[in-house]
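Okay, so here's the structure we're looking at.
The values are calculated or read from the model by the stated rules, or taken from the named source; none is laboratory data. Note that the structure is a prediction, hence the values are computed from the model and not measured. Note that each Cβ is placed from the backbone with ideal geometry, even for glycine, and that neighbours are counted across all protein chains shown.
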Amino acid sequence: MQKTHATVVEGMTCGNCALTISKLLEKKGATNIAANAASGEVSFSLPDADDVNVIYDTIDSMGYKVVRDEDGAASAHNESYDNTTLYLIICAVFTLPLLMHMFVSWHWLHNPWVQLVLSTPVYAIGLWVFGRSAVRSLKHGLPNMDVLIVLGASAAYIYSLIGLLAYTASAHDYLFFETTASIITLVMFGNWLEHRTVKSTTVAIDALVKLQPQQARIVMTDSMGKETILDAESKYVKAGDVVLVNHGDSIPVDGEIIYGDAQVDEHMITGESVPVHKLTGDAVVGGTLVVDGNIKLRATTVGNTSVLSSIIRMVREAQGVKPPLQKLADKISAVFVPVVAGIALLTILVNYFVLEHSFAEAMMRAIAVMVISCPCAMGLATPAAVAVGLGRAARNGMLIKGGDTLERMKTIRQIVFDKTGTLTTGKLEVSEFVYDNNLLNEDSFKSIIASIENHSSHPIAKSISTQWKGVGQMQFEDVKEVKGKGMEAKDGEGNIWQLGSERWLHSKNENGGYDLYLYKNNIYAGALKIADTLRTDAAATIAELKTMGFKTILLSGDKKDKCKHIATQLGMDEVYAEHSPEMKNTKLDELLQAAPTAMVGDGINDAPALARATVGISLSESTQIAIQSANVILSNNQLSTLPKAIRLGVYTSQTIKQNLFWAFLYNIIAIPVAAAGMLKPTYGAGIMALSDVVLIINSLRLGVRKISR
């Protein structure tokens, strides 16, 4: 029998960390492995007979820390990386003067001892940051990119130090101190970017947790039927408890209304922009807001089984199944390290025993191979392209979380859109109305409705009053609100006007399906539909995406007729309406099986789908949950920026591949040349610098490449 284990691993903050731990668990016989670098969570299955503590001890020996007490585990994640920024700043301060000596003629920068002094602190930090990880990975037979970093930096530093001490007169022919510093600083910068991305993704879960109401009013009834209200923390509410929720309160738990009625804002769960009228017997969801009314509900699902808790769990799971950022250099490091070491050893043997060079010369050539094969270019290939791509994105109203997102953008084949707040503005307005010509004309119809709604604080009433504020106002002798139904008013002639829901006023077959009905003395006078308006750039954006070859899909929690109307207006390929967060997640899984899929959304209900999608895209005016769950935020809040973001992702991925191609081609050519003794250290330094310059120039092309249609 297999048993599933779950824990939090401190220090697992990047895709490479997650990959290393996954490989370690595989070697130990674990199955169903999921390592989530975003939250630090690791889950796996082991036979019942196996001791999980042995696995945890092995993970600890890799330099990570398994949190064996689940309480407070999440808050502890990432604490071990607080010094990353400080180390990067120190390294950058010492590295910049070393790089400057190649471009300026200041005499002191060319002094070998000055270069030694500048490079030594960087090398020491590199050994502290990367060296321990490299040793542990080799100990467990899982060499990672840190091995290459330490190998290259150490080869350059030792080669330079030997040249400085043994060949003082011609020391400049042996100096690679700037190579040592640049390797460590550039790779550390790439890791810093990745750490920042991971830190931002964990905020999504924290924000979701904060949405759960902390307090509840529990109604206690004694044997005499007397009720007592007890204020308590929501976590103490049990299934079956009766809870009181007043106007303006968040509903603390999932439950069923047993008394009262209320208008409940559920847009965070369903995406529906209009508050829903809830009556006795209706179900309500914890975390939603009572905008009007007072209710008592009986708790049905509490704790980890609630809807909001399920959404939190889905976000965590979705983040866990995302493919980690795996650079090509990381994938081949297990082969590259022993191959380079073997070539260096072979260089010593051939030069000393076959070519009969001195041992010192043979050793110098071997170290030259190590210097030439250092991963400086490989370390720069991705960060250089990503830095330029992210900067270009920011200038064009796009905030993109990490290079892995840019790389994934090129794989997208279909794009899923939420409706409310994404394709539409989320602002309510009258989209359609009809009236009885025998009773009213258009002006009087608008005037009566606007005048009645002026007396209500309901969101729909406010939107109608704002939209029709220019019409003439009608005076009423009496206006009152019929709770849960609508408004009733009496004019100066004694006519009774009623404005409210179809369920309250309208039972006829004709003119059905409207949101509000107007009756005069119990006689139908007109009706109107309420909808949120399309974004001005929605149609053009969908049209451009279709021209680019993408399938466009509408996936919403809103009503079918509204969704179909929007999809028809925009010419979208498919539409799925009335989907709960769980249903959205399931549908997105189906779409992902068909092709890589982007999700564009703005609501809390979209957060799991945004996290699960190949690329999650959100707007800047979205809820913080959607923004934190998304990989791309359109910071100018313009949907028309989306095609540009996709093009930029494709171009950045192309640039990364070009950079990596050059980096590997350089190593393939330079290593044998160095092994044969045909590459002097001076020329090697020039070629190494040239390789970096080529990558930088190629990456800078992203800054000027056209991304508009």
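Worth pointing out:
- Every pair of residues 6+ apart whose Cβ atoms lie under 6 Å, when the first sits in the range 493-510 and is surrounded by 12 or more Cβ atoms within 10 Å (Cβ to Cβ) while the second is in a loop (DSSP other than H, G, I, E, B): N495/N521; I496/N521; G500/K485; W504/K485
- Test: F476 is assigned by TED's automatic domain parsing to the domain that holds G494 and in contact with a Gly (Cβ under 6 Å, 6 or more places away or on another chain): no
- Some residue of the range 517-534 being out of contact with any strand residue (DSSP E or B) (no Cβ under 6 Å at 6 or more places or on another chain), assigned to a strand (DSSP E or B) and exposed (fewer than 14 other Cβ atoms within 10 Å of the Cβ): yes
- Evaluated against (1) surrounded by 16 or more Cβ atoms within 10 Å (Cβ to Cβ); (2) within 22 Å of K278 (Cα to Cα), K551 falls short on exactly one condition, (2).
- If you go through the range 433-478 and keep only what is more than 19 Å from E493 (Cα to Cα) and β-branched (V, I, T), you end up with V434, I460, I464, T466, V471.
- Flag if T568 is in the same structural domain as L642 (by TED's automatic domain parsing), surrounded by fewer than 22 Cβ atoms within 10 Å (Cβ to Cβ) and over 15 Å from S640 (Cα atoms): yes
- Sole residue being of a type outside the set (A, V, I, L, M, F, W, C) and modelled with pLDDT under 85, chosen from S457, S465, S451: S457
- Among the residues of the range 390-444, those identified as assigned to a strand (DSSP E or B), in the same structural domain as L592 (by TED's automatic domain parsing) and at pLDDT 90 or above are Q414, I415, V416, F417.
- The condition (being over 26 Å from V285 (Cα atoms) and not assigned by TED's automatic domain parsing to the domain that holds K529) is satisfied by just one residue among T597, T586: T597.
- The residue of the range 100-134 that is modelled with the highest pLDDT, among those that are under 32 Å from the mean Cα position of the chain (by Cα) and β-branched (V, I, T), is I125.
- Some residue of the range 480-487 being crowded, with 17+ Cβ neighbours inside 10 Å and either modelled with pLDDT of 90 or more or over 29 Å from D282 (Cβ atoms) (or both): yes
- Only one entry of V198, V274 meets the criterion of being modelled with pLDDT under 75, farther than 30 Å from K485 by Cβ and crowded, with 21+ Cβ neighbours inside 10 Å, and that entry is V198.
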